[in-house]
Amino acid sequence: MSKVDKARCWLYDVSELYDSQTFAEAMDRLPWESRRKKVMRYRFEKDRCLCLGAGLLAAHALRCAGEGDLRITFGEHGKPCLERGDGTHFNLSHSGTMAVCAVSSAEIGVDVEEPHSYDDSVARMCFCESERNWICAQDNKDESFTRMWIRKESYLKLTGTGLCDKLTAIDVVPTSSDPLAAFWETTCDGYSISVCSRERLDIALQQAAPRFWMMSENGVPQGDTPPAVHCGQCTAGGVSPCGTPPSRLL
C-alpha cells in the first residue's frame, strides 16, 4: 500500500431539513428523481431528512470534485457509482442527524455511527473471534465496539457487498499485520467515522455549510467553499483524530 490517493470526506448535519419549507427547497435541488422517490418512501421524517441530506451532499461533493455528469448506476448489491465508470468514486453513510459522503479517485467505502453500547449477541453475530478478543481487551468496550463496527461496515461498503458477506469471515482488527485494506478513522461532534480504500488515502475532512445545496445549475457553489477542517493520512489500522474543536445512499 505505497500509493497515496487524495480523498475528501464531507459531513453535513441535516437538522435544518426538519423545517418543512427548507425540506421542500432542498428537494427541488436534488438532481436525481430516483433519489427523490426514495426519500418519500421513508415513513419517518428523520429518515427522509437523512436520505435527502446524503443525496444533496453526494451531488455537491461530486461537483466540487469536478464532475459535471452526475448520471449514476448501481452495482449488483446496490452500491451507487457514476454511470461512465471512469470518474470520481463516492460512498454515502448517515446516522443520527449526520450525513457523510466520501469521494476519491480510488474505490472507497465510508461509515458513520453514533456511539454504540457493547452488545455481546451482536458481537458474536457480526465479529470474528479475533475482533471480539480485541474489543474485550480495550479499556472502553463501548468505544472499541463502535470502532470495530465502522471499520467492518466501511470495508463492506468498499467491496460493494454490504451485509451480503458472511460477517464473521472478515477480520478488520486494527492491529492486523496483514490488513485487508487501508482504514482512516476519526471522530467529529460525537460521531465515529471510518473511510476504507484499497490504497492509502490522504483525506481532507470537510463540513458542509448550512444550505450548501443552494448552488447554480452548473454546480458551482454560491460563495466560497469553506476550507477543510482536517487533513490526515490514513494507515492500515491507524487512527487520525479530527482537527475540529470538540463539541460535545443514492
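The values are calculated or read from the model by the stated rules, or taken from the named source; none is laboratory data. Everything numeric in this text was worked out from a predicted model, so none of it was measured. Heads up, the Cβs are rebuilt from the backbone with ideal geometry, glycines too, and the neighbour counts pull from every protein chain shown.
Among the residues making up segment 135-176, those that are of a type in the set (Lys, Arg) and within 20 Å of residue 192 (Cα to Cα) are 141, 147, 151, 152, 157.
Listed here are the residues, each with its yes/no results for (1) at pLDDT 85 or above; (2) in contact with a strand residue (DSSP E or B) (Cβ under 6 Å, 6 or more places away or on another chain); (3) not charged (D, E, K, R).
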site: 157; (1), (2), (3): yes, yes, no
site: 170; (1), (2), (3): yes, no, yes
site: 180; (1), (2), (3): yes, no, yes
site: 186; (1), (2), (3): yes, yes, yes
site: 189; (1), (2), (3): yes, no, no
site: 193; (1), (2), (3): yes, yes, yes
site: 217; (1), (2), (3): no, no, no
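For segment 55-74: of the residues being of a type outside the set (Asp, Glu) and farther than 14 Å from residue 92 by Cα, which is farthest from the chain's Cα centre (by Cα)? Looking at residues that are of a type outside the set (Asp, Glu) and farther than 14 Å from residue 92 by Cα, I get 68. The residues of segment 165-207 that are surrounded by fewer than 19 Cβ atoms within 10 Å (Cβ to Cβ), more than 21 Å from residue 125 (Cα to Cα) and of a type in the set (Asp, Glu), listed by number, are 178, 189, 199, 202. Filtering segment 163-207 to residues that are closer than 20 Å to residue 103 by Cα and among the polar types (S, T, N, Q) leaves 186, 187, 192, 194, 197, 206, 207.
The rows are residues; the columns are (1) of a type outside the set (Gly, Ala, Ser); (2) within 20 Å of the chain's Cα centre (by Cα); (3) closer than 25 Å to residue 106 by Cα.
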site	(1), (2), (3)
29	yes, no, no
44	yes, no, no
47	yes, yes, no
53	no, yes, yes
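Condition test on residue 17, is it closer than 25 Å to residue 205 by Cβ, crowded, with 16+ Cβ neighbours inside 10 Å and in contact with a strand residue (DSSP E or B) (Cβ under 7 Å, 6 or more places away or on another chain)? Spelling it out, it is not the case that residue 17 is closer than 25 Å to residue 205 by Cβ, crowded, with 16+ Cβ neighbours inside 10 Å and in contact with a strand residue (DSSP E or B) (Cβ under 7 Å, 6 or more places away or on another chain). Pairing residues of segment 130-152 that are among the β-branched types (Val, Ile, Thr) with residues that are assigned to a helix (DSSP H, G or I), at Cβ distances under 9 Å and at least 6 apart in sequence or on separate chains, gives 135/123; 135/141; 135/144; 135/145; 135/147; 135/148. In this entry, residue 63 passes the filter for residues that are within 15 Å of residue 105 (Cα to Cα), in contact with a Leu (Cβ under 9 Å, 6 or more places away or on another chain) and part of a helix (DSSP H, G or I).
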